[in-house]
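The values are calculated or read from the model by the stated rules, or taken from the named source; none is laboratory data. All figures in this text were calculated on a predicted structure; none of them were measured in a lab. Reconstructed Cβ throughout: ideal geometry from the backbone, glycine too, with neighbour counts over all protein chains shown.
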2 protein chains.
Amino acid sequence: MKNTKKETTIYDIAQKLNISSATVSRGLQDHPAIKKETRKKILETAIELGYRRNIIASNLRRQKTNTIGVIVHELNSNFITSVLAGIEKITTEAGYDLIIAHSYESYEKEVANATNLFHKRVDGLIASLALNTTNLNHYKQYHDKHIPVIFFDRVEERSDSAKVIIDNHKCGYQATKHLIEQGCKNIVLVTASLTRNVYQQRYKGYRDALDEAGLPFSESNVLIKDLSEQCGVEAAEYILQMNPRPDGAFITNDFSAAVCMKTLKENGVNIPEDIAIVGFNNDAVGKIIEPQLTTIDYPGIDMGEIAAKSLIEQLAEDTKINQISTLVVRSELIVRGSSLKNRH
Amino acid sequence: MKNTKKETTIYDIAQKLNISSATVSRGLQDHPAIKKETRKKILETAIELGYRRNIIASNLRRQKTNTIGVIVHELNSNFITSVLAGIEKITTEAGYDLIIAHSYESYEKEVANATNLFHKRVDGLIASLALNTTNLNHYKQYHDKHIPVIFFDRVEERSDSAKVIIDNHKCGYQATKHLIEQGCKNIVLVTASLTRNVYQQRYKGYRDALDEAGLPFSESNVLIKDLSEQCGVEAAEYILQMNPRPDGAFITNDFSAAVCMKTLKENGVNIPEDIAIVGFNNDAVGKIIEPQLTTIDYPGIDMGEIAAKSLIEQLAEDTKINQISTLVVRSELIVRGSSLKNRH
DNA sequence: CTTCATATCGCAAACGTTTGCGTAAAAATA
DNA sequence: TATTTTTACGCAAACGTTTGCGATATGAAG
């Protein structure tokens, strides 16, 4: 039961029709220099013989793969899922295929994925950096071969690639300012490594909002964690042992915020009366937790579409003028119960 | 600034060393018939010239891609993420690359992905069916070319492909029996289309548990939804208008269960006193909601590993004996607050 | 009836590997 | 020393497309 059947090639079609393989090839791709009639015959015998175009041979000849690679730092957030949907929409419209690689927030896996996609000869790359990625050497090979790379969300600001991001500084500022407006005077920030741009910017926004309101900043109010489930628990424990207790918390990830909130509640803390909480990402969990979580929303689907459009644009133009651009998509604060101290 | 630099090929290496390209090719892949010394020289000049193997040419010649495709019906659940992690672990160990495609629970997208991966000439396929997929013709092309396909979780039982699943009947039975043991006598089942095996089996388990306990079955206690957020709300509304009110609910998706629970609570229903609830999947949200959600846990990572191992096994053996196997991975009921009526 | 433009199509090279087979040299054996 | 085996490597075909260029036939224009 071995696979003995040979694949049918354009030669088989050509032979059957007594024409050349060149004509078949052209006929299959709607080349204008082929008579309607012969093209029709070609298509007919193609399906008759069960022909499938050998993309590998085609890629080899054309020196292109019509494929773009995507590297994401995580998968199970609906932000990322939305981004992927946005990317997919644009790329399929433009006739590109997609290869999605997952780095699991690991620098090593990100490197492996980058070189892997490079060897697979993707025509372009869209990537979001892992949490602990600081070295970008694995993208240098792309630049050397003039393969466009676009970063989204998690970017490296020193890089001269195109980037599509949100205004994390503004978000951090808005979130913090909102807490201040609710009367908070002692606000904790729970976030991830400040080496990653998104957290660095949110941190700055947090500080700027404090400064503007004339509130003191304290190192001990900033908790650098990994934004996992465990992180939520630890953040709660830290808050519980603080003296004086903070009256607000900005936790830059909805899931961690939810876990933290839950842990605080279990220890008798009232949300938002004792501590007001703001998360980040507008994940579904924020609407499940009680009270519902105030958070920052930003449209993943737009980010994906913009990143993909931008990449395809770069692929289209031979001229590598490539004005290095940073695209910023809108974002907004969504106020819900977890932060509404003065609603009465 | 056009990309003028030609790629270096094995010919360039061969020329520089005054040997043949065949020797270079063999040297690069550790062929035993190459002297240590020449191999070393080859590797050295390879990196010196910045050589990268042209996988496309290699694939064309070998008629293999060393790539396996994965089609998932969704992405943003940690079940699927775990499955992908499991698959990735095994496949990378075996030297295969992965292409992940996402069908967004859409039959059309699933078909598109299947033919796309087929044209990309993956060596094998691992897939989970979309909710409304009933026609499997898009996998026929794989069988025709003897490309192994393995289904996981969402499978078609009539198919003669290998499958790796959980015992959904047992899960449904256990969940329902647990509710009965908690004193429930009027149990609602909220689930998705019974054409999909997982929901069909869970439904049967539900019915069998009722029968065994001598409890009556009622069509009006079964709600077929799509297990979205909206579904959770609708399920709650349905339950609220039921007369008499049910005292238990088995909702075959944690997120929907959480939304439903929340909506019920908002309408004055006490969980679990008035209605006990069991979900499915052991998603993170189940530990956030209050009370925490009783659910069914099953290890995605094991499913992924098993599916991948099974596929690679099929790829290894030329002999297509291929005993059609159905592999069942363990699963278990996790009891938490949402169903514990008689904890006092 | 020439001349020329246009419409169709074929030739053959190229893309970069891999690999069956052959061969020369070196080593082992008789 | 003569013969056989082993070692190490080269030749050239094959994988299936795509495409620049040339060739033929057809019709239009003069």
>> Being within 14 Å of chain A (Cβ to nearest Cβ) and in contact (Cβ under 8 Å) with a residue 24 or more places away in the chain is true for just one of B:223, B:227. Which residue is that?
In response: B:227
> Can you find a residue in the range B:69-90 that is more than 15 Å from the chain's Cα centre (by Cα) and either within 10 Å of chain A (Cβ to nearest Cβ) or among the β-branched types (Val, Ile, Thr) (or both)?
Replying inline: no
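Yes or no, residue by residue, for (1) in a helix (DSSP H, G or I); (2) assigned by TED's automatic domain parsing to the domain that holds residue B:173; (3) aliphatic (A, V, I, L, M); (4) touching a helix residue (DSSP H, G or I) at 6+ places or on another chain (Cβ under 9 Å):
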| position | (1), (2), (3), (4) |
| --- | --- |
| B:269 | no, yes, yes, yes |
| B:274 | no, yes, no, yes |
| B:277 | no, yes, yes, yes |
| B:306 | yes, no, yes, yes |
| B:309 | yes, no, no, yes |
>> Being within 14 Å of DNA strand C (Cβ to nearest atom) and modelled with pLDDT of 95 or more is true for just one of B:70, B:24. Which residue is that?
In response: B:24
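Yes or no, residue by residue, for (1) within 12 Å of chain B (Cβ to nearest Cβ); (2) within 16 Å of DNA strand C (Cβ to nearest atom); (3) at pLDDT below 95:
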residue	(1), (2), (3)
A:31	no, yes, yes
A:37	no, yes, yes
A:98	yes, no, yes
A:107	no, no, no
A:110	no, no, no
> In the range A:28-48, what residues are surrounded by 14 or more Cβ atoms within 10 Å (Cβ to Cβ) and more than 9 Å from DNA strand D (Cβ to nearest atom)?
Replying inline: A:34, A:38, A:39, A:41, A:42, A:43, A:45, A:46
> Checking residue A:85 against (1) in a helix (DSSP H, G or I); (2) within 8 Å of DNA strand D (Cβ to nearest atom), which test does it fail?
Replying inline: (2)
> What's the number of the condition residue B:7 fails, among (1) of a type outside the set (Val, Ile, Thr); (2) out of contact with any Asp or Glu (no Cβ under 8 Å at 6 or more places or on another chain); (3) in contact (Cβ under 8 Å) with a residue 12 or more places away in the chain; (4) within 12 Å of DNA strand D (Cβ to nearest atom)?
Replying inline: (4)
> Name the pairs: first residue in the range B:14-29 and touching a residue at least 24 places away in the same chain (Cβ under 8 Å) and more than 14 Å from chain A (Cβ to nearest Cβ), second residue in a helix (DSSP H, G or I) and more than 7 Å from DNA strand D (Cβ to nearest atom), Cβ to Cβ under 7 Å, at least 6 apart or on different chains?
Replying inline: B:16/B:45; B:17/B:41; B:17/B:42; B:17/B:45
> over 25 Å from residue B:288 (Cβ atoms) and of a type in the set (Gly, Ala, Ser) - does that describe any residue in the range A:164-182?
Replying inline: no
> How many residues does the range A:39-60 contain that are out of contact with any Ser or Thr (no Cβ under 8 Å at 6 or more places or on another chain), among the hydrophobic types (A, V, I, L, M, F, W, C) and within 12 Å of DNA strand C (Cβ to nearest atom)?
Replying inline: 2
> Hey, does the range A:322-332 have a residue that's within 21 Å of residue A:151 (Cα to Cα), part of a helix (DSSP H, G or I) and touching a Pro at 6+ places or on another chain (Cβ under 7 Å)?
Replying inline: no
>> Quick check on this structure: which one of B:198, B:259, B:188 is assigned to a strand (DSSP E or B) and buried (at least 20 other Cβ atoms within 10 Å of the Cβ)?
In response: B:188
> Pairs, please: C-beta under 8 Å, at least 6 apart or cross-chain, first residue touching a residue at least 60 places away in the same chain (Cβ under 8 Å) and in the range A:47-63, second more than 14 Å from DNA strand C (Cβ to nearest atom)?
Replying inline: A:59/A:66
> Going through the range B:276-294 one residue at a time, which ones are within 14 Å of another protein chain (Cβ to nearest Cβ), more than 19 Å from residue A:77 (Cα to Cα) and buried (at least 24 other Cβ atoms within 10 Å of the Cβ)?
Replying inline: B:277, B:279, B:293
>> I need the full set of residues from the range A:60-80 which are buried (at least 21 other Cβ atoms within 10 Å of the Cβ) and within 16 Å of DNA strand D (Cβ to nearest atom), in order please.
In response: A:65
>> Can you report the number of residues in the range A:145-168 which are outside any strand (DSSP E or B), within 18 Å of the chain's Cα centre (by Cα) and under 14 Å from residue A:198 (Cα atoms)?
In response: 7
> Based on what the data block shows, is residue B:237 out of contact with any Leu (no Cβ under 7 Å at 6 or more places or on another chain) and without any contact (Cβ under 8 Å) to a residue 12 or more places away in the chain?
Replying inline: no
> So which residues in the range A:81-111 are closer than 18 Å to residue A:196 by Cα and surrounded by fewer than 22 Cβ atoms within 10 Å (Cβ to Cβ), if there are any at all?
Replying inline: A:104, A:105, A:106, A:107, A:108, A:109, A:111
>> I'm trying to understand the selection: among the residues of the range B:39-68, which are among the polar types (S, T, N, Q) and at the interface with chain A (Cβ under 9 Å from one of its Cβ atoms)?
In response: B:54, B:59, B:63, B:65, B:67
